[in-house]
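Please read the structure below before turning to the comments.
Just so it is clear, none of the values below were taken in a lab; they were calculated from the coordinates. Remember, predicted model here, so these are calculated numbers, not experimental data. Neighbour counts run over all protein chains shown; Cβ positions are idealised from the backbone, glycine included.
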Amino acid sequence: MFSRVSAISLLLVTIFLQQNARAVGESDAESTVALTATVFADAGKSERELMEALLAVLESEVSMQSGLSVVERRQIDLALQELALSEDLGQNEVTRLQLGKIVSADLIVTLELQKPEVDDQTLRVLIRIVESLTGIVRGVAVAPVSDAALDEAVGQIAPDLSPSSLFVQGEHLLAATRVGVYEFDLEDRQWTKTMEGSGLGEVRIFPGKSHVWATKYGREIFPYAADEAEAARFQAAWFNERGQAGIRILFAIEHNGQVWYGGYPWARFRSVGFYRVNPETGEFRMYGLRDGFHMSTTYTTRAAVAVGNDLWLATSAGLARVTPRAQGVAQGKSRGNAGP
């Protein structure tokens, strides 16, 4: 297995980026970055996998820097990379169409895996930082490959995909991504993958009073880090109908001893994307027209906050206030078309 660029080399890139971001735009404006990678002509699958992993880790490193935002990350061939580095990039419409989102960034970072010399088999990556608009090269560096194993290094530095949700629990930073949940030990400075994703859609986690709540396709709500027996208590709340793998959940809060959560509707005209589950018994209910909501094929519930006994909902149809009751939810005042 190929090894990969050291953390020191990647941090060097982020320092270059911070310095050059200030040169490209205003000091208080966020600079956008496109990350690209390419390999030498006769490179094989292992080399391409290596570069994909490098891009993933570099994205994580750059995203952690203030003032920088990643807008694209992809592998490109050598010919396309030369277009990205050309001085007429800003004026050539054909070139800009071929490169897509890459040219929308303020800065383009190219990682080029160089072919080892006959008498020196050390792998090296040529790193260049280029202004998208002018094609001016702002920084160049060559990073040798470290001896750390690829998988080990990815696990030590950061999750390999951008997080969908993030918060701190005790001495750990929790980051949910499409492929699972990672925990970063704030004292030991180490990443550990603690939960696998479903392979479809993103994983999300939500802090609660009694648990951290997790969601992924096919398991719409369950306690984070729960064993199979504990998670199975919530099975009634898991999407189990034909036609799709599951539904997207965007929030979850605990209120009056219940877990209220929401996102996309269970099915057309059957819910407004607002749900409740009893964490002790697993009793599940979805809410819709009979509870006072207006119905729509595009209805989604995006966020909720508890105020006294009420829940305020941000929905695609407007702002709604609902009052939890023993036998359901009574709709209160609303703005837009959320309720009656």
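The packing ranking of peptides 67-79, 104-116, 40-52, highest mean first, is 104-116, 67-79, 40-52, where packing means the average number of other beta carbon atoms within 10 angstrom of each residue.
Among PHE239, PHE206, the ranking by other beta carbons within 10 Å of each residue's beta carbon, starting with the fewest, stands as PHE239, PHE206.
Footprinting exposure proxy ranking of LEU54, LEU174, LEU126, fewest other C-beta atoms within 10 angstrom first, gives LEU126, LEU174, LEU54.
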